[in-house]
Amino acid sequence: MMTIIDTHAHIDQLEDLPGALLRAHEAGVSDIVAMSVDLDSMQKLLAIKDQYHKPKIHPALGVHPGMVSDSSGKACLHPDLAYDFMRANISKASAIGETGLDYWYKWVRKDMPERQKQKDSFGFHLSVAREFDLPIVIHSRGAWRDCFSMTIESKVKRALFHWYSGPVDILGQIIDAGFYVSTSPSVAYSPESQKAMAQAPLERVLIETDSPVHYKDGDASYMAEPKDVIRTWKALARLKNLDEQEVLDQVNTNAKTFFAI
């Protein structure tokens, strides 16, 4: 039976979690790396991991850069509580994330103090990943160079730049540093995703859904759930003009190596 791994999904945000997990299992999804974005989602994911076992859930603990502040510049959460929770439950984490920087938010683009809030949060996550030798999953939209620089400076060993669609020159530096990138169902139609994945060596690529996110399917759209990682796999194989089984075997190996699952 075919097995496939979704390396990035926000399953606590799925409207029909039992149904989505059942559909994923029936489609051949063996494992899901489940991302958190704040304290509430971290708590939910640990409960989900205890309740559901097919597919196997691997929680990632972290605070998303979009949750560090909101459009008014006020904190969306009590970061110290979230950070304390991460440390208290670090033994249950398969990874640190989702963390990173995002300069595309309107309230962050030209606001240096807001950028610094994100950098402070990202720096904390990098330090935890290094301290506990855990892989870190990085959100880098519009901040690819700063994310890469901070990651290098932190000396973490395993870093994944998730849904990478940034500049090819930075992609080259990411790969040369020994890090990984991932792609989503957008690789079927997004010029930015396709350009990046065409250049990324398959040995350093993981596949994901980032569920629940809307993606295009021709003239229509759909809300992704973990089973749709199959769409990512097949679109990546088409883009690289490689045998589907060859691609599946490699991305599964990559995921198992990176997350130690």
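The values are calculated or read from the model by the stated rules, or taken from the named source; none is laboratory data. What you see is a predicted model; the values in this text were computed from it and never measured. Every residue, glycine among them, receives a Cβ derived from its backbone with ideal geometry; neighbour counts consider all protein chains shown. What goes into the accessible areas is simple: the full protein's heavy atoms, side chains included, and nothing from ligands, DNA or RNA. Shrake-Rupley method; radii C 1.70, N 1.55, O 1.52, S 1.80 Å.
Remarks
- Unique match (being open to solvent by 20 Å² or more (accessible area, probe 1.4 Å) and either in contact with a Lys or Arg (Cβ under 9 Å, 6 or more places away or on another chain) or within 17 Å of ALA224 (Cβ to Cβ) (or both)) among LEU22, LEU61: LEU22
- Scope segment 225-238; condition over 27 Å from GLN13 (Cα atoms) and open to solvent by 10 Å² or more (accessible area, probe 1.4 Å); matching residues: ARG238
- Qualifying residue in segment 213-224 (condition: in contact (Cβ under 8 Å) with a residue 12 or more places away in the chain and at positive phi): no
- Scanning segment 15-34 for residues that are in contact (Cβ under 8 Å) with a residue 60 or more places away in the chain, closer than 16 Å to TRP233 by Cβ and not in a helix (DSSP H, G or I) gives GLY28, VAL29, ASP31, ILE32, VAL33.
- Check on LEU39, touching a helix residue (DSSP H, G or I) at 6+ places or on another chain (Cβ under 9 Å) and in contact (Cβ under 8 Å) with a residue 40 or more places away in the chain: yes
- Selected residue (criterion: nearest to the chain's Cα centre (by Cα)) from residues of segment 159-194 that are within 29 Å of PRO212 (Cα to Cα) and open to solvent by 60 Å² or more (accessible area, probe 1.4 Å): TRP163
- Every residue from segment 129-138 that is under 16 Å from MET35 (Cα atoms) and assigned to a helix (DSSP H, G or I): ALA129
- Every residue from segment 118-152 that is among the aliphatic types (A, V, I, L, M), open to solvent by less than 20 Å² (accessible area, probe 1.4 Å) and in contact with a Gly (Cβ under 8 Å, 6 or more places away or on another chain): ILE136, VAL137, ILE138, ALA143
- Among the residues of segment 195-212, the ones that are open to solvent by less than 60 Å² (accessible area, probe 1.4 Å) and either more than 27 Å from ALA20 (Cβ to Cβ) or out of contact with any helix residue (DSSP H, G or I) (no Cβ under 8 Å at 6 or more places or on another chain) (or both) come to 6 in all.
- Checking each residue in segment 27-50 for being surrounded by fewer than 23 Cβ atoms within 10 Å (Cβ to Cβ) and of a type in the set (Gly, Ala, Ser) picks out ALA27, GLY28, SER30, ALA47.
- Number of positions in segment 2-19 that are modelled with pLDDT under 95 and either polar (S, T, N, Q) or open to solvent by less than 40 Å² (accessible area, probe 1.4 Å) (or both): 0
- Candidate set: segment 213-224, residues that are over 19 Å from the mean Cα position of the chain (by Cα) and outside any strand (DSSP E or B); chosen: the one farthest from GLN250 (Cα to Cα): ASP219
- Residue in segment 239-246 that is under 19 Å from the mean Cα position of the chain (by Cα) and surrounded by 15 or more Cβ atoms within 10 Å (Cβ to Cβ) present: no
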